[in-house]
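Peer 1: Please see the structure below; I have some questions.
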Amino acid sequence: MTRRFSLPVALVAIFAAGLAAAFLSSGSDAFPLHQSGCHGAHSCPSDHHTYVWMDPGTGQTWDCVEPGAREYDPSRDTMTIVFQGLTYYCRSGAGSPPPTTAPPTTTTTTTPVGLQCGIERWSVKTLSDTAAASVNFNPVATTVDALRALPAPSVTASTPRIAGVETSTYSVQARLVEMTLEDDHDIHLVIADPNSGGTMIAEFPDPQCSGAVTSVRAVEMAAARAALMSAVGAPTTTFRSLSGLATITGVGFFDEIHGQTGVAPNGIELHPVLAFAVQAAPPPPPVTKSPVYVPAFSGKLVVKPRAMGLGASSMIRRIHWTTYGGRVATGVGQRLFYTCKPDCARGKIYWRKSKFGVYDIGVCRGVRAYRKMKLGRDRFVINRDLCPA
């Protein structure tokens with residue numbers, strides 16, 4: 001949206017004279033406009049978000065910044081105001097400070113003209129040319145490499161929309177490489193084929209720019225740009241590296257090759273981008289744990305042994321494992337007992353059903369194993385170290 005304001009000729013002359021005098025007397029080139037009476041009185045929009053200005057015609061307050069100022073935030077400064085021929089980017093103000101001078105007479109232009117941002121093939125880039133009605137907006141799934149391989153036509157700064165590629169919409173899955181904010185307010189995104197690494201450019205026009213304001217796909221362009229910034233942050237005027245994968249949908253466009261960062265060999269771009277969605281990272285492969293061993297009666301380390309030694313004179317056999325692989329493994333088997341009556345040398349041997357558990361997973365002889373065992377109950381309980389040092 002753009003608002004335009006005018007002042008009486010006499011007041012303009014007074015304002016210009018005061019501005020020039022303030023600039024010459026400031027002795028500094030840092031923000032000279034803030035030395036003028038207009039800015040001191042808060043009777044015109046701010047250049048650097050230093051105060052809130054009130055539109056006398058509507059009572060609406062605005063917090064503004066001039067183009068190129070470091071305080072400009074494209075995600076928040078979405079209202080464009082043209083005041084006495086100067087452009088300001090504004091956000092809604094937080095208050096309504098009283099003007100210290102008589103308010104100027106204002107007129108508002110409601111026609112969405114937009115900022116003057118780009119020149120070369122600008123109407124084609126923003127889908128505001130008359131041939132935009134011929135574009136098929138049903139996206140064709142393709143790859144970055146396939147687009148890079150298309151024949152390159154001859155284009156100039158005034159070439160109209162080219163039937164075929166430039167009247168088609170494409171959707172690619174690509175790796176994000178880097179991005180920057182260009183002088184024409186486009187976000188310049190370099191994307192790469194996930195397999196080959198070949199690059200091309202995808203451009204996100206500023207929805208406040210001329211052409212984009214009146215585009216047949218203005219809503220989609222604005223949403224795609226917002227989705228990109230939501231995913232990776234606001235762009236800067238220098239390239240910033242990115243990572244991750246995204247699905248990017250846009251209209252085909254051939255640009256003149258002039259050394260652009262990430263340009264495809266045929267100059268193909270997605271321009272404008274109409275949809276952007278980050279792809280979720282693939283789930284990590286399942287963690288495969290190595291098997292857990294138990295020292296068997298034979299002395300070997302095996303998985304789920306059928307018999308285990310209990311020292312020099314006892315054992316447990318015919319083991320049935322009820323649980324295995326967790327922090328504790330349990331089982332039941334036949335445990336060897338001696339009666340020792342009248343003495344152990346002449347006593348009888350018998351087998352009794354016994355439950356047991358093994359635990360303390362750790363390294364035993366170079367492998368993961370249960371290193372301790374507990375079995376029986378009452379006076380028959382045995383706590384045994386299965387893997388002595």
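The values are calculated or read from the model by the stated rules, or taken from the named source; none is laboratory data. For clarity, every value in this text was computed on a predicted model and none was experimentally measured. With ideal geometry, Cβ positions are generated from the backbone for all residues, glycine too; neighbour counts draw on all protein chains shown. Remember, those area values only see protein heavy atoms, side chains included, never the ligands or the DNA or RNA. Shrake-Rupley method; radii C 1.70, N 1.55, O 1.52, S 1.80 Å.
Peer 1: Need the full-extension length gain, S243 to M315, defined as separation in residues times 0.36 nm minus the C-alpha distance. One decimal, nm.
Peer 2: Details: separation 72, 0.36 × 72 = 25.92 nm, distance 5.97 nm.
Difference between extended and current length: 19.9 nm.
Peer 1: Using the basic label-point model (7 angstrom from Cα toward the beta carbon), what is the A226 to S158 distance in nanometres?
Peer 2: 3.8
Peer 1: What whole-number volume per residue, in cubic angstrom, does the convex hull of the C-alpha atoms of segment 293-370 give?
Peer 2: Working: hull volume 6.8 nm³, N = 78.
Hull volume over Cα atoms, normalised by residue count, gives 88 Å³.
Peer 1: Counting pairwise Cα distances across segment 137-239, what percent come out greater than 19 angstrom? Before the final figure, lay out the partial values.
Peer 2: Numbers: 2733 of 5253 pairs.
So the pairs more than 19 Å apart make up 52 percent of the total in segment 137-239.
Peer 1: Considering only protein heavy atoms and a 1.4 Å probe, what is the carbon-and-sulfur percentage of the accessible area of segment 211-303?
Peer 2: Details: 2920 of 4660 Å².
Roughly 63 percent of what the probe reaches on segment 211-303 is carbon or sulfur.
Peer 1: Something else: On a C-alpha basis, how far is the centre of segment 255-304 from the centre of segment 227-242 in Å? Whole number, if you could?
Peer 2: 23
Peer 1: Would you kindly state how much longer the chain becomes between K348 and E256 on full extension, computed as 0.36 nm times their sequence separation minus their alpha carbon distance, in nm to one decimal?
Peer 2: On the way: separation 92, 0.36 × 92 = 33.12 nm, distance 9.97 nm.
Answer, rounded to one decimal: 23.2 nm.
Peer 1: Express the accessible area of segment 146-292 per residue in Å², computed with a 1.4 Å probe while the remaining protein chains stay in the model. Each step should come with its number before you reach the end.
Peer 2: On the way: 6410 Å² over 147 residues.
For segment 146-292, the solvent-accessible area averages 44 Å² per residue.
Peer 1: While we're here: With every protein chain kept in place and ligands, DNA and RNA left out, what is the accessible area per residue of segment 302-379? Probe 1.4 Å, answer in Å². The partial results should precede the final answer.
Peer 2: Values: 5000 Å² over 78 residues.
Heavy-atom SASA per residue in segment 302-379 reads 64 Å².
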